[in-house]
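Here is the structure we will look at, set down as structure tokens.
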């Protein structure tokens, strides 16, 4: 198939938004869920050729294998940072790069990511991957939920004092209480990330989402259930804008001038 034929075939199923990163600072992330393996591979190949890098979310184990075969040696994957490969039952967030030159440029943005439980890590990892791809440095602390609140003390001290971050993402399922607790303890923005961990009445993230929406702690914003990409995009925008202002203040530049994102 010629290059033109490939483009025409792709246009029948997708119209990749190649200018989104330039417009918004956040690139298009390909949602792999509910697309066939062939469709995902075609879209990924087109974006990779044009941009030098493509991000796919909710990648199934079968698609991950297909991506590894189609783009050998070019994949960075992260679902659960405690494991070298994603669990068979967990969708992955995958970054494919043309070469090492297409790694993100550090912006100075600082993001902290907390999870209430270990089961929340795969969703939080979506946010971690995207924040890093947008040039942010990310600190993580997992399994620090309200059932053992003493576990939260040290990570919060680190993320607000010794290595201060610009914004916190707090992922929680079940009762979804941790983001409200954190928002009542810190002066930086907190993004609540409800996960579908939980069962019974209010399970699958419903109670967690409603609890965060009903929070009485000011400074807490909430994304939808399992929307790690959305949380990561918002956190990176906040952190990168904060880093831009820090850099401008240090250089004596005008504070209203817009800086570059972590993409090159």
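The figures follow:
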quantity	calculated
Evaluation of residue 209 against (1) touching a strand residue (DSSP E or B) at 6+ places or on another chain (Cβ under 9 Å); (2) farther than 17 Å from residue 113 by Cβ; (3) surrounded by fewer than 19 Cβ atoms within 10 Å (Cβ to Cβ) (one fails), failing number	(3)
Residues of region 185-198 that turn out to be in a loop (DSSP other than H, G, I, E, B) and within 16 Å of residue 116 (Cα to Cα), as a count	5
Residue 2 being farther than 26 Å from residue 107 by Cα and modelled with pLDDT of 80 or more	no
Filtered residues of region 148-180 (kept if closer than 25 Å to residue 214 by Cβ and without any contact (Cβ under 8 Å) to a residue 12 or more places away in the chain)	148, 151
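The values are calculated or read from the model by the stated rules, or taken from the named source; none is laboratory data. Every value quoted in this text rests on a predicted model; they were computed, and no experiment measured them. All Cβ positions, glycine included, derive from the backbone under ideal geometry; neighbour counts span all protein chains shown.
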